[in-house]
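Undergrad: Encoded as structure tokens, here's the structure I'll be asking about.
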Amino acid sequence: MRYMLLNPGPVSLSDGVRKAAVKTDLCHREPEYFALQDRVRSGLLGVYDLEPECWSSVLLGGSGTTALEAMMSSLLPRDARLLVVENGVYGERISRIAEIHGIDFSVIRHEWTDPIDLERVADALSSSEFSHVAAVHHETTTGRLNDIAALAQLCERQGVQLLLDAVSSYGAEHIPFQSPVLVACAATANKCLHGIPGLCFVVCRKHSLANAAQPPRSLYMHLPLWADKQDQQETPFTPPVNGLLALEQALQELAAEGSWQARHAHYSQLAGQVKRALTALGVEPLLKPGASSCVLNAYRLPAGRTYEEIHDGLKQRGFIIYAGQGSLVAEMFRISTMGDISHYDMERLLAALHTVFST
Ligand SMILES: *Cc1c(COP(=O)(O)O)cnc(C)c1O
């Protein structure tokens, strides 16, 4: 059976992307690879119309967490003082990365179901002791889309730089790149961009690379090394070549759809269909209306139903959904509508939801 992946990445691939991934064998020390690398790097900036004079997209092998750890460990100078804003698993992951790399940091912690308390952030920033803020854009734990534009405004007021985990939003949500304090975003090929797993990237302002940590905190994850080599049509280590082949195709498909705005509209439409169907079946969204991303929604498990029976019922019908995390594991489940999902798939999904939740 072919499963539709409704988990938050990896996603169901289009036929074009699946074929592109294994299209050819490519040595990463040949000009054909470097031309591909250049096209993918500029394609990633193109998703948000970012100027190549100011912005660099740096590719590296690994999952989204590699990009996140590379951004944090490279772009925070040795004397940085970091404020981490947490309202879910991925915010907590940022703190864990800071801890491991010996970065001087404080945390503003929220309940996982709460939005960012901007007043608390403003209070903390007014102490003037921070040089950087790190936050998650789409907190996939609950599906919440954090208000990064408002957070960036607070950072602007204090002249503090902002590092963003945009792993589950790059390619489908608005990112306030026009804010001069937003210096870097970590992201991955295999979520909203519809590529294959194994390739991730950091989009950052060039000046942030020039001010990177010295001496480096890591060999593999030091972004200036990757950026310098990639600028010179080289690569420091073996890149996930097939990941680049797939992402090039995925970026072309995204551009043909009409870039991130079209993908946003498409995801919103699919997520809305799922939400209306589930609400009619008595299944309540976890968050208030308007708080979720277009990428993923979290729902409360109906009384008397377990995640396992819902998951298994949908899997039998060809759909993979996702459990809650941590303390929310017994209370909720998540459905993402990323990936190559056709109208026919949606019809089958809505029928499957109806069967599984009404029995
Ligand atoms: C998926 C995700 C990550 C990275 O997870 P990996 O398993 O390392 O790919 C990081 N942050 C957010 C918000 C995510 O959704």
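Undergrad: Which value in Å does the Kirkwood hydrodynamic radius of the chain take, with 1/r averaged over all unlike C-alpha pairs and then inverted?
TA: 20.9 Å
Undergrad: Quick one: compute the contact order of region 15-256, relative version, from alpha carbon pairs under 8 angstrom and 6+ residues apart, as a percent.
TA: 31 percent
Undergrad: Take peptides 94-102, 119-127 and line them up by average Cβ neighbours within 10 Å, highest first, as a rough protection proxy.
TA: Output ranking for 94-102, 119-127: 94-102, 119-127.
Undergrad: Defining a contact as two alpha carbons under 8 Å apart and six or more residues distant in sequence, what relative contact order in percent does region 135-258 show?
TA: 19 percent
Undergrad: Something else now. Going by average Cβ neighbours within 10 Å, how do the peptides 259-272, 61-74 rank, with the highest at the top?
TA: Most protected by this proxy first, the peptides run 61-74, 259-272.
Undergrad: Sticking with this structure for a sec: Farthest toward the dipole's positive end in region 1-138, which of Val136, Ile108, Gly9, given Cβ charges of +1 (Lys, Arg) and -1 (Asp, Glu) about the Cα centre?
TA: The residue sitting farthest along the positive end of the dipole is Gly9.
Undergrad: List the chymotrypsin sites (Phe, Trp or Tyr not before Pro) in region 1-47 that DSSP assigns to loop (not H, G, I, E or B) and whose Cβ has at most 10 other Cβ atoms within 10 Å. Which are they?
TA: Within region 1-47, no chymotrypsin sites (Phe, Trp or Tyr not before Pro) qualify (loop, at most 10 other Cβ atoms within 10 Å).
Undergrad: According to the square roots a ≥ b ≥ c of the eigenvalues of the Cα gyration tensor, what is the shape class of region 28-77, taking rounded for a/c under 1.5, prolate for a/b larger than b/c otherwise, and oblate for the remainder?
TA: oblate
Undergrad: About the Cα centre of the chain, how large is the charge dipole given +1 on each Lys and Arg Cβ and -1 on each Asp and Glu Cβ? Please answer in debye to the nearest 20.
TA: Dipole size: approximately 620 debye.
Undergrad: Alpha carbons only, please: Rg and Dmax for region 1-145, in angstrom.
TA: Looking at region 1-145, its Cα Rg and Dmax stand at 19.0, 57 Å.
Undergrad: Got a sec? Charge dipole of the chain, +1 on Cβ for Lys and Arg, -1 for Asp and Glu; which of Ala277, Leu287, Pro176 is way out at the positive end?
TA: Ala277
Undergrad: Loop-only GluC sites (Glu not before Pro) in region 263-359, please: DSSP not H, G, I, E or B, and at most 14 other Cβ atoms within 10 Å.
TA: Hits after loop and neighbour filter: Glu331.
Undergrad: How big is Rg to Rh over region 213-359, alpha-carbon atoms, Rh as the Kirkwood inverse-mean-distance radius?
TA: 1.11
Undergrad: Among Ala210, Val241, Gly91, whose Cα sits farthest toward the positive end of the charge dipole of the chain (+1 at Cβ of Lys/Arg, -1 at Cβ of Asp/Glu, about the Cα centre)?
TA: Val241
Undergrad: Here's a follow-up. If packing is taken as the average count of other Cβ atoms within 10 Å, what order do 137-149, 228-240 fall into, highest mean first?
TA: 137-149, 228-240
Undergrad: Lys229: which lysines have alpha carbons under 24 Å from its alpha carbon, excluding same-chain residues fewer than 8 sequence positions away?
TA: Lys206
Undergrad: Classify region 69-141 as rounded, prolate or oblate, taking a ≥ b ≥ c as the square roots of the eigenvalues of its Cα gyration tensor: rounded when a/c is under 1.5, otherwise prolate if a/b is larger than b/c and oblate if not.
TA: It is oblate, given that a/c is not under 1.5 and a/b is not larger than b/c.
Read-outs: derived from the displayed coordinates by stated rules, not from any lab. Note that this is a predicted model, so its numbers are computed, not measured. Backbone-built Cβ (ideal geometry, glycine too); neighbour counts: all protein chains shown.
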